[in-house]
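Chemist: Have a look at this one before I ask anything.
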Amino acid sequence: MVSRSLLVCTAPFLALAGCFSASTDIDVALAQSRIAQGWQVLDVRSASEWQNGHLEGATRIDIHGQEFADTAKRTLDPGKPVLIYCRSGVRSAKAAAVLEKVGFREIATLRGGIIAWQDAGATLVRP
């Protein structure tokens, strides 16, 4: 009886486990460390957002582009770690889930996105 109750209570949580990406949400300081270690940097914002400033060395692939996953696989190395960011963190989490599905294994997202980056006083590249 107890094991049956346990299964009934935990089943909804186990079902949800598959809905989350295995990516890690990291703060600005750790993101800066990862970038210094040579991680690939992926900006998933729009072209107009990119023009307002981006992280140095970043590659831009709009998450809303029709071929996001294919473009990412052609442009980035799935065997190397990648840091993903957007404006606030929502799109980067979606992008991380997509990249995980197409074979990327070491993925981190910038907690708070470029807003957090700017709030921390970190520099941006302005084209």
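Chemist: Quick one: which residues, 5 or more positions from residue 88 or on another chain, have an amide H under 5 Å from its amide H? H modelled 1.01 Å from N in the peptide plane, none for Pro or chain starts.
Modeler: It is 114, by chain and number.
Chemist: While we're here: Under the √(5λ) rule applied to the eigenvalues of the Cα gyration tensor, what semi-axes describe the equivalent ellipsoid of region 20-119? Give them in Å, descending.
Modeler: With the √(5λ) rule applied to region 20-119, the semi-axes are 18, 16, 12 Å.
Taken together, the values in this text are just the output of simple stated rules run on the coordinates, not laboratory data. What you see is a predicted model, and the numbers here were worked out from it, not measured in a lab.
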